[in-house]
Amino acid sequence: KGAPGPPLLISAPHRRADRLTGALTLRLFNELGAAAAAWNSVHRRAGKSNCEGTTDLARLQHHPFTAFSLAFAAAYPDGRVVQIHGFDPHRRVSTAGRNADLILSSGSETVTQAVRTIARCLRDDLPGWQIAIFPNDVRELGARKNAQGRQLRAAGFPGFVHVELAYRFRQQLMENEELRGRFGNCLEAGL
């Protein structure tokens, strides 16, 4: 493999709980030649029975997963940290949430340039899929409590993008290399 690709960190903090997100992240990392990738090693709900506290990496401010995101941002201040998550549309409370295949957010009420750029690309390149942006199109799954997003914003890093994928879309991304390629190219859009 050659030199690392665009400054992109792809991570899956819930790879066991959010089915296919770990495998999808690995494929995207390899196919895009992204600069870095990260996954959880313990189920996000393991803390409720085996450990004190939580093992949900997206909730932990003081954790190597968060430190890795911050180190990436320091090394690549113009890069992008993309977190891949999964959701069940049937469990959404809003019509917009139930109809979405993909929900993008910056982890805050602000729609950043990175989120706008990726959304525009996805809407152009994946016309058959429902792409929603938090908070403009949907008011749920906005990642406002995401520890990495909060820490990155506090450090002045504007490139955090939280990506929620419906299971049907995750399956198609795993099965369809061409679709996965278009999706991956959009994650890099503007870099």
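All of the numbers you see were taken from the coordinates with simple rules; none came from a lab. Since the structure is predicted, the reported quantities are computational estimates derived from the model, not experimental observations. Using ideal geometry, Cβ is built from the backbone for each residue, glycine included, and neighbour counts are taken over all protein chains shown.
For segment 103-191, the gyration tensor built on C-alpha atoms gives a prolate shape. Its axis ratio a/c (a ≥ b ≥ c) is at least 1.5, and a/b is the larger of a/b and b/c. Checking every one of the trypsin sites (Lys or Arg not before Pro) in segment 87-145 against DSSP loop status and a limit of 15 other Cβ atoms within 10 Å picks out Arg139, Arg144, Lys145. Counting Lys and Arg as +1 and Asp and Glu as -1 over every other residue whose Cβ lies under 15 Å from the Cβ of Glu178, the net charge comes to -1. Computed over neighbours whose Cβ is under 9 Å from that of Leu126, the net charge equals -1, Lys and Arg +1, Asp and Glu -1.
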